[in-house]
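Okay, so here's the structure we're looking at.
The values are calculated or read from the model by the stated rules, or taken from the named source; none is laboratory data. None of these values were measured; they are calculated from a predicted model. All Cβ positions, even for glycine, are placed from backbone atoms using ideal geometry, and neighbour counts span all protein chains on display.
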Amino acid sequence: MDLTSKQRAQLRGLANSIDTILIVGKDGIGDNLVKQANDALEARELIKGKVLENSLLSPREAAEELAPLTRSEIVQVIGTKFVLYRPSHKKDKKDKIVLVQDKKRK
């Protein structure tokens, strides 16, 4: 699943209003952090993470390492924060994020 620039822009806008729920510290990315990210992505679809100053990873490295482990897409990396997106697998989820569709030019 590759996000288009319009979809990425839409998700960046939605991410402005959400709180940071994932913190990457000096221990880096372990099994516990991956499980926490997976649970949060399943519940919310869009999550914001932060990399602390004492971490050995940069925010870009943390996002690039976490995205494949959670089967998610990197939406944005800015400052010490990053945003990840993965569509929920729950069919009965009420507030699913509906991405804009790119209209192809002919």
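Look at region 80-95: where a residue is more than 30 Å from N54 (Cα to Cα) and a partner is at pLDDT below 95 and surrounded by 20 or more Cβ atoms within 10 Å (Cβ to Cβ), sitting 6+ places away or on another chain with Cβ atoms under 7 Å, you get P87/E45; S88/E45.
Among the residues that make up region 23-44, is at least one of them closer than 19 Å to V98 by Cβ and either at pLDDT 95 or above or small (G, A, S) (or both)?
Let us first name the residues in region 23-44 that are closer than 19 Å to V98 by Cβ, namely 41-44.
So of that shortlist, the ones also either at pLDDT 95 or above or small (G, A, S) (or both) come out as 43.
Looking for residues that are closer than 19 Å to V98 by Cβ and either at pLDDT 95 or above or small (G, A, S) (or both), one finds at least one in region 23-44, hence yes.
Across region 38-81, the qualifying residues are those that are in contact with a helix residue (DSSP H, G or I) (Cβ under 9 Å, 6 or more places away or on another chain) and basic (K, R), and the one among them that is surrounded by the most Cβ atoms within 10 Å (Cβ to Cβ) is K48. Residues in region 1-39 that are assigned to a helix (DSSP H, G or I) and either closer than 12 Å to Y85 by Cβ or of a type in the set (G, A, S) (or both): S5, Q7, R8, A9, Q10, L11, R12, G13, L14, A15, A37. Residue pairs whose Cβ atoms lie under 9 Å apart, separated by 6 or more positions or on different chains, with the first residue in region 38-51 and closer than 11 Å to I74 by Cα and of a type in the set (S, T, N, Q) and the second at pLDDT below 90 and surrounded by fewer than 19 Cβ atoms within 10 Å (Cβ to Cβ), do not occur. Considering only residues in region 5-37 that are polar (S, T, N, Q) and under 16 Å from V77 (Cα atoms), the one that is nearest to the chain's Cα centre (by Cα) turns out to be T20.
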